[in-house]
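Worksheet for the structure shown next.
The values are calculated or read from the model by the stated rules, or taken from the named source; none is laboratory data. Quantities reported herein were computed from a predicted structural model and do not represent experimental measurements. Cβ placement follows ideal geometry from the backbone for every residue including glycine, while neighbour counts extend to all protein chains displayed.
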Amino acid sequence: MENTDTSTSTVRRNSKRPRYSKFTQQELPACKPILTPRWVISAFMLISIVFIPIGVAALFASRDVVEIVDRYDSECIPANETDKVKYIQTPGEKSCNRTLTVPKRMKPPIFVYYQLDNFYQNHRRYVKSRNDQQLRDSKEANSVSGCKPEDFNNGSVIVPCGLIAWSLFNDTYSLSRNNITLNVSKKDISWKSDREHKFGKDVYPKNFQSGGLIGGGILDPNIPLSEQEDLIVWMRTAALPNFRKLYGKMEVELQENDVIDVTLGNNYNTYSFNGKKKLVLSTTSWLGGKNDFLGIAYLTVGGLCFFLAMAFTVVYLVKPRQLGDPSYLSWNRNPGWR
Amino acid sequence: MMARVRRRDGIEFSKLYSFVCCKVDKWRPEVGGPGFTRVVYCKEPEGSEAMMNNYPNNYVRTTKYTLVTFLPKSLFEQFRRVANFFFLITGTLAWTKFAPYTAVSAAIPLIVVIGAAMIKEGIEDCQRYRQDVEINSRKVQVHVGNGNFVYTKWKNLKVGDVVKIKKDEFFPADLLLLSSCYEDAICYVETMNLDGETNLKLKQGLEVTSEFNSDDSFKQFRAIVRCEDPNAHLYSFVGTLELEGGQYPLSAKQILLRDSKLRNTDYVFGAVIFTGHDTKVVQNSTAPPSKRSSLERKMDRIIYLLFLIVFSMAAIGSIFFGIWTKDDLENGTMKRWYLRPDNSTIYFDPKRAPLAALCHFLTTLMLYGYFIPISLYVSIEIVKVFQSMFINQDIHMYYEDADRPANARTSNLSEELGQVDTILSDKTGTLTCNIMEFVKCSIAGRAYGHGVTEVERAMARRKGPPVQQTKANSYDHLDNSGEAKPVIKGFNFYDERIMNGNWVHEPRPDVIHLFLQLLALCHTAVPDVDENTGKISYETESPDESAFVVAARELGFEFCQRTQTTISVRELDPLSGEKIRRVYQLLNILEFNSTRKRMSVIVRQEDGKLILLSKGADSVMFERLTKKKGWDFEDATKAHVNEYADAGLRTLILAYRELDEEEYKNFNQRFNAAKNAIGADRDDLIEEITETIEKDLVLLGATAVEDKLQNGVPECIDKLAQAGIKIWVITGDKLETAINIGFACRLLRQKMKQIIISLETPDIQEIEKAGDKLDISRASANSVLHQITQGWQMVDVSKENPEEEFALIVDGKSLTYALGADMKDMFLKLALGCSSVICCRSSPKQKALVTRMVKLGTRKTTLAIGDGANDVGMLQEADIGIGISGVEGMQAVMSSDVAIAQFCYLERLLLVHGHWCYRRISTMICYFFYKNIIFGFSLFLYEMNTSFSGQPAYNDWFLSLYNVFFSSLPVIALGVFDQDVSPKICLKYPMLYQEGVQNVLFSWTRILGWMFNGFSSAIMIYFLSTKALEPQAFNAQGHTAGRDILGATMYTSVVWAINLQMAISFSYYNAIQHICIWGTIAFWYFFMVVYGFLNPVRSTTAYKIFIESLAPSPAFWLLTLFVSITTLIPYFTFSAIKAKFFPMYHQWILRQISKEGRLANKENRSRDHGS
């Protein structure tokens, strides 16, 4: 009894009563959305209202783009060559002529791409086989870590080292219309940040493709890496085994049914791993190249949401919930719980 | 030297206890021998001999770590978790060539996560450290020479110091009591912190030291103590004191234990025997059993499942990788020549393809490690800290009267509070206040006291008005007026016939006189006189006792002083009618214990007459009454006792006996001998001897005290029952009392069918009388089995009719058999078929056994709630132990997981906090798996397209910061804040609680559903992104999307998807949650920008990715919008359909409420319109 007396007297002085705050009492102002049919229907409606116009716009953008794709890997092997790999590996001029017909008027700029299929630029061994230090800094020429086996050539470092650079794509295209050569510019085909920061202005190729096994293209040792845009494009490795990379740009307008003659230097070996090679000419829209997928996807999902909104509306109208019917409760239906 | 000591020691003992010397010798360990090596030089802690002993200092450390051990020990703790260990291994492997990402990026999240957990540990330990410092810096007076005492800190005490302790101070170490302010060197000690008992214990110093009771007297004091080594036995001590050439034995009676408190004594002097970690209380402290919630155990299983998925994915990937790698080089010709398979490293070497595959397996294990949520544990811990803070801070669970807020002592069980299936509750002090009020008594066959108890009121309600007792009716008004609070605590008795000295006019004043004398004498209370007012209050062992002495005081027998040998009572002299002070010689106290169930004192009255006064439970008292038919009111008393028990009162039978000198002398000798005997059979010996004197008692009457139900208990039990929680009450009460309390607290309801299993049947009693133990147990077992079977048949038959409810009432004896291995299952089955179960007359051990049976038998969550030391076993056995911080000390609270002040707070603790915590944690865990599966599986899908080479889709730092920065905050916010419904609704619809009990929010379907959602979202994100981005130009400038762009875009979609998913699964948004969600998304963009500005050697593929490539491209924005919305549609549709056709209970409630609100609004509007 005495005990409680003393404790009550201490209460007054030093109470342990929790201090009230909205935070500790978990009474912070909050909104509590309930998933009501009205809410659900309007959410679906909103999605469809936003998605369908975007889908239409995206589809239009994609349809605006004119694209010519020409697969040439097998056609560019002479008919009498049975061993394609051997053919491509023998040194020498391997030119090949292709003609393309323009299906629709193409407004400049027209982009020239090469497309490789079944080429694993994203393979871990491949992706890692480069040295960013060496590429951007002439003083770091000796940093070749990670570049094996393309790091040294007869004891001297290779610049740029690594498998990526070594396997540089080296097919060449020269395009002409009505025997007039179309100028394909290689300027600004890479990302600006790559040119300015990742590849040094004073880094020059050294010992590149100069011995041992020759991989892909060669580089002019007198041009700094920052101006070797083919290399820069190639070095930004592709995400998937089927990829397209910029070859160049043309600032001419092509008319419908124009015939374009392409003289190909078929040098790059995709035959040993059954890869395809394609030449692509394409214009772009605000959304990029030709791909209906995004537009169709937007339309599909927008339509689906519209359908769901309708379905929920119908259900809501046909079968409104009775007030106070707990038999709907999910666990009441499940007798197995006891 | 040692031999001499032993011999002399032996002499001492034989002199004192000659009659039992052989026994003592046999048991008594040899001081100075092994285990008894301690030598304490009193007053010379710094003497050369004392220094050699090298005893620890008095600093007591309760912290888990020290500065030195913190790092290794807490690291070890962290890595004991499987997931963390996994990450440790992958983190270590990350420094090798196996790693698909850079090592630093892999180490950072691990460091953050482990670091956060360690900081939490550190902070907790720091708090403990601060407490330690506070305690160890308390001041105590210590002798410094020449009889001077100065204050010093506790931690500076050394073995051998002589200290002076003042009233109400704690003892700083284990002390040898030398002397006190009393001449006979006694002192009173409260041991609440040790064993939870609130009564005062008497300690007495040796006679030879009692003269050293002033500061100056210690000038000459010099002594040596030889005693046992430190041990954990609180109630034993063996040693000898060497003082001025003599040797004196020491026992536990002279030992003052650390952490107990000096009471009712002005000061004592003591010598320090054990310090610091040698003290008995520290030796005694054991770590409480660590409990893990079932949710977390299930979570571990899910993590194992994820490990399985990761391992199998890695295995599949490795096989494909091996095949394709081998394929690259065929007879010296290279297929994928750009990979230089002819000159490869071990990881990619086609010539050693199986080995490469094996390495690859390790690599992908690291990569797919993102399936395992690294930050899950630490996030849960953070959330739980908040949750326990919410529990501690809840103003609705703060008990004003005792100034006690709720206290979640372990934070890791909060979600378990939402899943309780069975509550096992103690009664006294838990359901009731444990404040006893003397309400009725029966003296000489006449019943006194008009109070109406709550149980009687409940009974009256039950029976309906017509049968209401007239007695109850006529005094209702009286009772109501005094109901608010009895004026005198512990006394709620009103009967003008015996109050104010009127009892002398009753038919049997002699009996009443003895009755009241007994109340004033037969107890162990200590009076405490308030110096200012002269009023007397009492320190008692139990609230019952307090009620008795208070009743005696109020009825004119004021117990006013106790010395070692006397009790003084100011009492009314029936002849003169005046108050006179009488002093009774207190000769013996035959103490109360749970087997004896009675207590007696032997006193010599002033006129020299010897009487034994005895009080005890009816079961033991009636059989000890004299068979001589002197006073013929045994039957009437029995009837009254039954009536009182029906009214939910605790009854005791009071009886006395006159002793003649010869008998007493004989008894006293044997009793003292037994008391001084030390050994296992000591208690039996005492029991045997007391039996001989506590017989042929003459009945005086019976008392009835009421233990009032706590406020709100019936309502709370009602709510909990509505919530579908089964409640078992396990009590030491009698069957009838228990049943009546059951009705009073609405545990039993009128429409329930009672199944009573009891061994109080005539035929069993018949066999018991015969006394063959084997027969008894066989017959009892059979009888119990029979009763259980019968009960089960009843329950089984009525299964078709869910309306019918059963209540099972078992008594302690039957429980012993029912808990046996052969009957356990059957009994449990029966008990589970009943809505309420009451076990009465059960011992603490049975409480724990019953708890274990329910826990293991049902495999559901059990909660035990109790307040006393006898509930500790139960609290530790149950999944959750709740301690009531009430009257009975702190023992229960110390071993509980959550402490609350009142039973009724259980309602809020479970239905609101428990429900929320369960909901939050389970949703959180599901969500964690979801978000990591999205991430991990998108990595897998991409890696599949890199010919399983182990190349991650995302930049290294994107990868490593995912768990820590871009996905954790919103989940933690969910865990801290989410509420499905408000507390008011939680309490209004208790059925909601079943969500947790049935574990609907963490069922395998739900977990797998979330996982499936993760997989499907990952597939959508991957395919939609790649199909839309590849292979055409990505922007108007004709650039195509490389690995960098695809990775960043997918990552952006993932961040959006998981955070939006979070947003639509919230049912409650406050500002902080908004900040967490939108802030995380915004932070991702911010991070991309900042990270993009780092040196390209650091940022690699992320260099200026956002500024230069992504932001200017409409394709990026349209794609991320599309992907993140689309991934949500399946879930959204699913939950919309579910809410429509299979709503969860809380959704149904909310809809109902909003509909009601709308209807009410409409009505209001139309009314307004009409008027």
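Would you kindly identify the helices (runs of 4 or more DSSP H) lying entirely within the range B:276-368 that contain at least 3 residues that are within 30 Å of B:PHE87 (Cβ to Cβ)?
Working: elements: B:280-284, B:294-327, B:353-368.
Result: B:294-327, B:353-368.
Being of a type in the set (Phe, Trp, Tyr), over 30 Å from B:SER960 (Cβ atoms) and within 7 Å of another protein chain (Cβ to nearest Cβ) is the requirement here; does B:TYR1145 meet it?
Details: of a type in the set (Phe, Trp, Tyr): yes; over 30 Å from B:SER960 (Cβ atoms): yes; within 7 Å of another protein chain (Cβ to nearest Cβ): yes.
Against the criterion (of a type in the set (Phe, Trp, Tyr), over 30 Å from B:SER960 (Cβ atoms) and within 7 Å of another protein chain (Cβ to nearest Cβ)), B:TYR1145 qualifies.
Is there any pair with a first residue in the range B:779-805 that is closer than 10 Å to B:GLY833 by Cβ and surrounded by 15 or more Cβ atoms within 10 Å (Cβ to Cβ) and a second that is among the charged types (D, E, K, R) and at pLDDT below 80 whose Cβ atoms are under 6 Å apart and which are 6 or more apart or on different chains, and what are they?
Between residues of the range B:779-805 that are closer than 10 Å to B:GLY833 by Cβ and surrounded by 15 or more Cβ atoms within 10 Å (Cβ to Cβ) and residues that are among the charged types (D, E, K, R) and at pLDDT below 80, the close pairs are B:SER798/B:GLU804.
Being over 20 Å from B:TRP1084 (Cα atoms), out of contact with any strand residue (DSSP E or B) (no Cβ under 9 Å at 6 or more places or on another chain), at pLDDT 90 or above and more than 10 Å from chain A (Cβ to nearest Cβ), is that true of even one residue in the range B:927-936?
yes
Kindly indicate whether any position in the range A:230-241 is within 14 Å of another protein chain (Cβ to nearest Cβ), in a helix (DSSP H, G or I), among the hydroxyl-bearing types (Ser, Thr, Tyr) and surrounded by 14 or more Cβ atoms within 10 Å (Cβ to Cβ).
The answer is no, given that none of the residues of the range A:230-241 is within 14 Å of another protein chain (Cβ to nearest Cβ), in a helix (DSSP H, G or I), among the hydroxyl-bearing types (Ser, Thr, Tyr) and surrounded by 14 or more Cβ atoms within 10 Å (Cβ to Cβ).
I'd like to check something: does the range B:369-382 contain any residue that is away from chain A (no Cβ under 13 Å), surrounded by fewer than 21 Cβ atoms within 10 Å (Cβ to Cβ) and among the acidic types (Asp, Glu)?
Looking for residues that are away from chain A (no Cβ under 13 Å), surrounded by fewer than 21 Cβ atoms within 10 Å (Cβ to Cβ) and among the acidic types (Asp, Glu), one finds at least one in the range B:369-382, hence yes.
With A:ASP194, A:ASP220, A:ASP188 as the choices, which residue is acidic (Asp, Glu), in contact with a helix residue (DSSP H, G or I) (Cβ under 8 Å, 6 or more places away or on another chain), modelled with pLDDT under 90 and over 26 Å from A:HIS123 (Cβ atoms)?
Exactly one of A:ASP194, A:ASP220, A:ASP188 is acidic (Asp, Glu), in contact with a helix residue (DSSP H, G or I) (Cβ under 8 Å, 6 or more places away or on another chain), modelled with pLDDT under 90 and over 26 Å from A:HIS123 (Cβ atoms), namely A:ASP188.
Only residues that are assigned to a helix (DSSP H, G or I), touching a helix residue (DSSP H, G or I) at 6+ places or on another chain (Cβ under 8 Å) and exposed (fewer than 13 other Cβ atoms within 10 Å of the Cβ): list them for the range B:57-85, please.
Matches in the range B:57-85: B:PHE85 only.
Since B:THR1126 meets every condition but one in (1) more than 8 Å from every other protein chain (Cβ to nearest Cβ); (2) surrounded by 14 or more Cβ atoms within 10 Å (Cβ to Cβ), which condition does it not meet?
(1)
Any chance you could count how many residues in the range A:215-229 are part of a loop (DSSP other than H, G, I, E, B) and either of a type in the set (Ser, Thr, Tyr) or within 7 Å of chain B (Cβ to nearest Cβ) (or both)?
Here the count works out to 1.
Of all strands (runs of 3 or more DSSP E) completely enclosed by the range B:99-199, which ones contain at least 1 residues that are surrounded by fewer than 16 Cβ atoms within 10 Å (Cβ to Cβ) and modelled with pLDDT of 85 or more?
The qualifying strands (runs of 3 or more DSSP E) are B:139-145, B:148-153, B:162-166.
Just give me the residues in the range B:557-577 being among the acidic types (Asp, Glu) and either part of a loop (DSSP other than H, G, I, E, B) or within 41 Å of the chain's Cα centre (by Cα) (or both), in sequence order.
Passing the criteria: B:GLU558, B:ASP573.
Look through A:LEU163, A:LEU135, A:LEU175, A:LEU182 and report the one residue that is more than 24 Å from B:LYS1104 (Cβ to Cβ), hydrophobic (A, V, I, L, M, F, W, C) and facing another protein chain (nearest Cβ under 10 Å).
None of the other options fit; the residue is A:LEU163.
Would you mention how many residues in the range A:13-46 are touching a Lys or Arg at 6+ places or on another chain (Cβ under 7 Å) and part of a helix (DSSP H, G or I)?
Here the count works out to 1.
Is one or more of the residues making up the range B:296-310 among the hydroxyl-bearing types (Ser, Thr, Tyr), modelled with pLDDT of 80 or more and surrounded by 15 or more Cβ atoms within 10 Å (Cβ to Cβ)?
Checked the range B:296-310: no residue is among the hydroxyl-bearing types (Ser, Thr, Tyr), modelled with pLDDT of 80 or more and surrounded by 15 or more Cβ atoms within 10 Å (Cβ to Cβ).
Looking at B:PHE548, B:PHE515, can you tell me which residue is touching a His at 6+ places or on another chain (Cβ under 8 Å), touching a residue at least 60 places away in the same chain (Cβ under 8 Å) and not in a strand (DSSP E or B)?
B:PHE548
Here is a yes/no grid of residues against (1) surrounded by fewer than 19 Cβ atoms within 10 Å (Cβ to Cβ); (2) more than 9 Å from chain A (Cβ to nearest Cβ); (3) modelled with pLDDT under 90; (4) under 30 Å from B:LEU1150 (Cα atoms):
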| position | (1), (2), (3), (4) |
| --- | --- |
| B:SER1067 | no, no, yes, yes |
| B:ASN1070 | no, no, yes, yes |
| B:GLY1079 | yes, yes, no, yes |
| B:ALA1082 | yes, yes, no, no |
| B:TYR1085 | yes, yes, no, no |
| B:TYR1091 | no, yes, no, no |
| B:PRO1096 | no, no, yes, no |
| B:ALA1102 | no, yes, yes, no |
| B:GLU1108 | yes, no, yes, no |
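Determine whether A:LEU299 is modelled with pLDDT of 90 or more, over 29 Å from A:VAL102 (Cβ atoms) and either facing chain B (nearest Cβ under 9 Å) or surrounded by 20 or more Cβ atoms within 10 Å (Cβ to Cβ) (or both).
So A:LEU299 fails the test.
Test B:ALA723 against the stated conditions and say whether it is within 33 Å of the chain's Cα centre (by Cα), in contact (Cβ under 8 Å) with a residue 40 or more places away in the chain and within 28 Å of B:GLN793 (Cα to Cα).
Answer is yes for this residue.
Tell me the residue from B:LEU1008, B:LEU1029, B:LEU987 that is at pLDDT below 90 and under 44 Å from the mean Cα position of the chain (by Cα), please.
B:LEU987
Being more than 9 Å from every other protein chain (Cβ to nearest Cβ), surrounded by fewer than 19 Cβ atoms within 10 Å (Cβ to Cβ) and not in a strand (DSSP E or B) is the filter here; which residues of the range A:276-296 pass it?
A:ASP292, A:ILE296
Name the single residue that is farthest from the other protein chains (Cβ to nearest Cβ) among those in the range B:1016-1035 being surrounded by fewer than 19 Cβ atoms within 10 Å (Cβ to Cβ) and of a type outside the set (Ser, Thr, Tyr).
So the residue we want is B:ILE1019.
Within the range B:647-655, is there a residue that is at pLDDT below 85, within 30 Å of B:CYS745 (Cβ to Cβ) and of a type in the set (Lys, Arg)?
Within the range B:647-655, one or more residues are at pLDDT below 85, within 30 Å of B:CYS745 (Cβ to Cβ) and of a type in the set (Lys, Arg).
Could we say that A:SER95 is of a type in the set (Ser, Thr, Tyr) and within 14 Å of chain B (Cβ to nearest Cβ) here?
no
Could you tell me which of the residues A:THR300, A:THR270 is among the hydroxyl-bearing types (Ser, Thr, Tyr) and in a helix (DSSP H, G or I)? Show your work before the answer.
Numbers: A:THR270 fails: in a helix (DSSP H, G or I).
Going through A:THR300, A:THR270 in turn, the sole match is A:THR300.
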